[in-house]
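All remarks here apply to the structure that follows.
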């Protein structure tokens, strides 16, 4: 009997209209207020977003709020907050609940200036990781027929370990109704969807600094994933260079530059930026949508390929005359020259012999790392030098991904090359009239 009463009590609790217990405000935006609440039915803490009271009778605000709830319910990706429930509360305001997250906006992480949009760039590795995750979330939305249309640092939440969440889907639009409906109709044969129910072309949405040219003057229903690609290009440019590519003293001037003026090459404001990354960003910022990368899958493939190369490794500068590494040092890193000239030598004083000179694009210091032995020569900056530093673990990870026979062949080549280099050094020592510098 007691067990039956306990069961009835549980059912009564699940029917309780007072499901959510307020725990405090998390944040307030232009459209809604987000608060922390306890869900008594499921015994967990969630975030609850409620439309502002003042917007109760505003059609555009109601449409935006309902649109965001529906879009979030449609998407299923690790970088998109999952929605749990949507309803109208007892005072007639629309509400939805979602996962509670603890993090900072990308604007905060970048110390973004609200007036100028200037930021403090992160390391290239962190930038590529964040941009790739944003691109993956957008790509998922595109595959389900949705474009975001309001990408900016404030709408990206950075969690621990630089994992991200892409938020604020109120401006999103369905660009492909068949694609949007596919995930539902594949499971339900008889279903009628009015995907345009919450869509409107009566007003332009988005944030001007991050808009695509076509977004500034076209109906929202005409926008495609190419618009999100352009906005991601602006964000990428900003994170690499520290500033947005288009500015203006007025809204009209800003929109003119977005539509008509080409951006500066990001290499002009970020010394040492790899040309491949600069070309990719500029391609994403092409004025004509058809001239941009065909999809975000293409962009992500380019970033993946780049991250597998030396291009993602950190930059380090050396003044003229600085010793980059010395003979007999433990070999922890290899280097790729971005600018300047490096001289490789062996010995000291009267016994010093120059083995060669390296120029931009050359790799040096890798043989000792691959051999896992001490340095057999020294490297000195002949001019001011900027290099990319490749750690031992990264270099080994790349070589260990090779097939065993290729790896064995590579090890043999390294050993023969080093043996030959040591023999050359011996000949130079024996020949007192040997050259002081190799060209």
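Derivation of every value follows stated rules applied to the coordinates shown; laboratory data play no part. If you're wondering where the values come from, they're calculated on a predicted model, not measured in any experiment. Note that each Cβ is placed from the backbone with ideal geometry, even for glycine, and that neighbours are counted across all protein chains shown.
Using the number of other C-beta atoms within 10 angstrom as an exposure proxy, rank 270, 211 with the fewest first.
Going from least to most buried by this count: 270, 211.
Order the peptides 292-299, 239-246, 357-364 from the highest to the lowest mean number of other Cβ atoms within 10 Å of their residues.
Numbers: 292-299: 18.2, 239-246: 21.4, 357-364: 14.6.
Listed from highest to lowest mean packing, they are 239-246, 292-299, 357-364.
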Sequence ranges 54-66, 272-284, ranked by mean other-Cβ count within 10 angstrom, highest first:
272-284, 54-66
Given 0.36 nm per residue, what is the gain on full extension from residue 295 to residue 54 after removing their alpha carbon distance, in nm?
82.8 nm
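Where does each of 149-161, 113-125 land if you order them by average Cβ count within 10 Å, highest first?
On the way: 149-161: 19.6, 113-125: 14.2.
With the highest mean Cβ count within 10 Å placed first, the list reads 149-161, 113-125.
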Grab the Cα-Cα distance for residue 316 and residue 392, subtract it from 0.36 nm times how many residues apart they are, and report the gain in nm with one decimal.
25.8 nm
Rounded, prolate or oblate for the range 44-110? Axes are the square roots of the Cα gyration tensor eigenvalues, ordered a ≥ b ≥ c, and the cut-off for rounded is a/c under 1.5.
prolate
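Residue separation times 0.36 nm, minus the C-alpha to C-alpha distance between residue 352 and residue 123: what's the value? Kindly include the intermediate steps, with their values, before the conclusion.
Details: separation 229, 0.36 × 229 = 82.44 nm, distance 3.77 nm.
Between residue 352 and residue 123, full extension yields 78.7 nm more.
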Whole angstrom only: what separates the Cα centroid of the range 112-183 from the Cα centroid of the range 321-372?
42
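Can you figure out the FRET efficiency of residue 104 with residue 371, using R₀ = 60 Å and their beta-carbon distance, to the nearest 0.05?
About 0.85, to the nearest 0.05.
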Hey, how many Å between the Cα centroid of the range 40-65 and the Cα centroid of the range 225-297?
35
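Within 10 Å of each residue's Cβ, count the other Cβ atoms and sort 37, 91, 21, 205 from fewest upward. It would help to have the intermediate numbers written out before the result.
Details: 37 20, 91 8, 21 11, 205 17.
So the residues, fewest neighbours to most, are 91, 21, 205, 37.
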